[in-house]
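Everything on this sheet refers to the single structure shown next.
FYI, it's all coordinate maths here, none of it is from the lab. Just so it is clear, the model here is predicted, and its values are computed rather than measured. Don't worry about glycine lacking a Cβ; one is built from the backbone with ideal geometry, like all the others, and counts go over all protein chains shown.
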Amino acid sequence: MTVDVEIEDEWSGCFSVKGIELPATILYAGISGFSRLSLELSPSEVLIYVNMFLSWMRESAEHERFCVIQRFLDNALILVFSPKFGSEDAFADAVKVARWMGEHDALRFCPAIGIASGTVAAGFTGTPGGYHASVYGRPVILAAGCSRFRPEGSFASSITFPADEWKGRDFTAVFPPVAIDHPEKGRVTQPQAWHPGKSRNVDIAGMGEVVLQDVVSFIHWMPELSAEKKAREWFSLIRSKGFYKK
């Protein structure tokens with residue numbers, strides 16, 4: 001570990017500090033419109049919605065073995081990618097997972113996605129009653145900030161990150177076309193669904209001006225039921241079965 005000490009502070013008391021600093025790429029995925037959902041759905045429906053979102057997020061991460069999931073507040077998750085976990089290109093691996101989310105958003109969660117890289121500290125915080133592993137550092141805040149500056153337009157999904165993260169990568173290497181088996185034409189390549197946007201300057205609180213880059217998809221999912229409607233249906237079923245006791 002980078003730090004493993006016991007501190008006895010005059011005012012805070014005695015506590016341990018155990019953690020490791022490591023280079024990492026952070027993928028922040030937040031629930032879009034969480035405040036609106038909290039006002040329009042019942043509390044129990046919001047609880048169902050959030051659990052649906054977290055379950056879907058876990059499935060997305062299973063497609064990339066080089067990440068660790070860290071819960072962040074109540075309406076977002078952060079995924080941590082690092083060479084420490086076996087990733088050769090942490091940024092590219094984070095983008096792959098973000099792309100999977102956009103291409104498999106069957107319930108239209110439309111998560112707000114931001115990505116940023118740098119040094120983070122992973123360690124334990126809490127009290128003797130319970131400790132939890134957390135990740136701290138500028139990349140966490142920057143990734144969250146990127147997710148809030150979504151580009152304008154009628155896109156279906158977007159991935160936002162500092163422009164200098166791209167480092168001259170070949171777009172088709174990071175976003176390769178998807179080949180599928182067509183019943184009549186055989187193996188065919190689908191048209192590219194993702195497109196790079198123009199870089200733009202934004203002011204992120206505490207960080208000043210940051211140049212952001214977006215990659216967006218215009219392929220919209222048209223589900224019969226959105227996650228919002230499905231949460232309502234699940235709650236209605238739970239109540240009809242007598243599992244809701246007010």
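State the antiparallel share, in %, of DSSP beta bridges confined to the chain, rounding to the nearest 5.
That works out to approximately 95 percent antiparallel.
Mind ordering 19-31, 113-125, 187-199 by average Cβ neighbours within 10 Å, highest first?
Packing order, densest peptide first, comes out as 19-31, 113-125, 187-199.
For K230, list the lysines whose Cα falls under 17 Å from its own Cα; do not include residues on the same chain fewer than 8 positions away.
The reachable lysines, counting only those whose Cα sits under 17 Å from K230, are K241.
Ratio of Rg to Rh for the chain, alpha carbon only, Kirkwood?
Using only Cα positions, Rg/Rh for the chain is 1.01.
May I ask you to list the trypsin sites (Lys or Arg not before Pro) in the stretch 88-186 that are in a DSSP loop and have at most 14 other Cβ atoms within 10 Å of their Cβ?
Answer in residue order: K167, R169, K185.
Enumerate the lysines that K96 could reach by cross-link, defined here as Cα to Cα under 21 Å, with residues fewer than 8 away along the same chain left out.
K84, K167, K198
Please identify the helices of the chain, taking whole runs of DSSP H, that span at least 15 Å along their own axis as judged from the Cα atoms and have a mean Kyte-Doolittle score of -0.5 or higher.
43-61, 90-103, 138-148
Between E10 and E184, what length comes free when the chain is fully extended (0.36 nm per residue of separation minus the Cα-Cα distance, one decimal in nm)?
In short, 55.1 nm is gained.
What list do you get for M52, M57 if you sort them by fewest beta carbons within 10 Å?
Exposure proxy ranking, most exposed first: M52, M57.
In whole angstrom, note down how far apart the Cα centers of the stretch 89-120 and the stretch 146-179 are.
Each part reduced to its Cα centre gives a spacing of 9 Å.
Would you work out which of G102, S60, S154 lies farthest towards the positive end of the dipole of the stretch 3-230? Charges go on Cβ: Lys and Arg +1, Asp and Glu -1.
Farthest towards the positive pole: S154.
Take the alpha carbon atoms of the stretch 12-52, find their center, do the same for the stretch 205-245, and report the distance between the two centers in whole angstrom.
14
For V211, what charge total do you get from the other residues with a beta carbon under 15 Å from its beta carbon, if Lys and Arg give +1 and Asp and Glu give -1?
Residues near V211 contribute -2 overall.
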